[in-house]
1. Residues in the stretch A:47-69 that are without any contact (Cβ under 8 Å) to a residue 12 or more places away in the chain and open to solvent by 40 Å² or more (accessible area, probe 1.4 Å): how many?
2. Considering only residues of the stretch A:33-44 that are within 7 Å of another protein chain (Cβ to nearest Cβ) and of a type outside the set (Asp, Glu), which is farthest from residue A:5 (Cα to Cα)?
3. Among the numbered criteria (1) within 12 Å of chain B (Cβ to nearest Cβ); (2) surrounded by fewer than 19 Cβ atoms within 10 Å (Cβ to Cβ); (3) part of a loop (DSSP other than H, G, I, E, B), which single criterion is violated by residue A:4?
4. Taking residue B:95 as meeting all but one of (1) closer than 16 Å to residue B:181 by Cα; (2) open to solvent by 20 Å² or more (accessible area, probe 1.4 Å); (3) assigned to a loop (DSSP other than H, G, I, E, B), write down the number of the exception.
5. Residue by residue through the stretch A:51-69, note down the ones that are touching a helix residue (DSSP H, G or I) at 6+ places or on another chain (Cβ under 6 Å) and small (Gly, Ala, Ser).
6. Please find, within the stretch B:14-36, the residue that is modelled with the lowest pLDDT out of those that are in contact with a helix residue (DSSP H, G or I) (Cβ under 8 Å, 6 or more places away or on another chain) and more than 12 Å from residue B:99 (Cβ to Cβ).
7. So, in the stretch B:151-186, exactly how many residues are touching a helix residue (DSSP H, G or I) at 6+ places or on another chain (Cβ under 8 Å), more than 14 Å from chain A (Cβ to nearest Cβ) and not in a helix (DSSP H, G or I)?
Amino acid sequence: MSSEAIYNRIAVLRAERGISRRDLAQALGVHYQTVGYLERGEYSPSLYLALRIADYFEVPVEVVFSLKPFPRLGSG
Amino acid sequence: MNDRPGGGAGRGRRLSEWWRAQRMEAVNTDLAPGWYRTRARRRALAAASVALTLAGAAVILVLEFADAGGPAVWALLAALVTVVLLQCATFSLLNIGTRGLTGLPERSLDERQLAERNRAGSLAHRISTVLLFGAFLGLCAGLAVSGGNGTAVPPGTAIAAMYLLAMVHMQLPAVVAAWRLPDAPVDEDADD
């Protein structure tokens, strides 16, 4: 990944809440492939889209996005 | 201005929206996913599109030397029609493979698609510029060789060159977009 990589937990949050990629895409008004590219870290969203994603999951934006990799579950 | 419901402007707007929805649906319907699902397949389609463009120009070029009204002319015209039809099919597959990235109006695309469309358009523009400049230099060189008497470029060659440039101009953004796009994420909601 490039030095400008932005890590995210969209896939985790989506799985936790049982939301499909298409449902999330529809709620955000983006193409469902865009959600896939976001989850794979192959596209970094605009600030506006990042805030809308956080708003959709009702969490602060730093819960969804980070400049550093998120710790794995159980790694303390 | 006619803003009455059901008036000319309203009908035009509805027709435009209907057409936009049809195009959206067309590029998001997987008719032959095996042809464009992976990056390698999309690149093969992009290469085929370029090859067909060159083939079309070559047929036009050869047509110039065929005897008018002879069987060779009809065979070449049939070949040209075949090439153009194959080109239409390839271009349609490229559009579906890129989900209308370069063909749909801006308001139908999201921010990632718009960014990718801008990158593809910018690269295609640079390539087109080089090709156009090359054609310009070729024309100048032809005129210089002939002494500027206006017969340097045979009509068939000029038509083939214009066909090539027009096709490149039309298809290059889609070709570049198809070439650049990474493998699409697996559609976990698909029925298949």
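The values are calculated or read from the model by the stated rules, or taken from the named source; none is laboratory data. Because the structure is predicted, anything quoted here is derived from the model rather than measured. A quick note on method: Cβ atoms are made from the backbone with ideal geometry, for glycine too, and the neighbour counts reach across all protein chains shown. Keep in mind that these areas ignore ligands, DNA and RNA; they rest on the heavy atoms of the full protein, side chains included. Shrake-Rupley method; radii C 1.70, N 1.55, O 1.52, S 1.80 Å.
1. Start the filter on the stretch A:47-69 by keeping residues that are without any contact (Cβ under 8 Å) to a residue 12 or more places away in the chain, which leaves A:47-48, A:51, A:54-55, A:58, A:60-62.
Retained after the next criterion (residues that are open to solvent by 40 Å² or more (accessible area, probe 1.4 Å)): A:47-48, A:51, A:55, A:58, A:60-62.
The qualifying residues number 8.
2. Within the stretch A:33-44, the match that is farthest from residue A:5 (Cα to Cα) is A:33.
3. Only one criterion in (1) within 12 Å of chain B (Cβ to nearest Cβ); (2) surrounded by fewer than 19 Cβ atoms within 10 Å (Cβ to Cβ); (3) part of a loop (DSSP other than H, G, I, E, B) is unmet by residue A:4, namely (1).
4. All conditions pass for residue B:95, except number (3).
5. A:54
6. Among them, the one singled out is B:31.
7. 2
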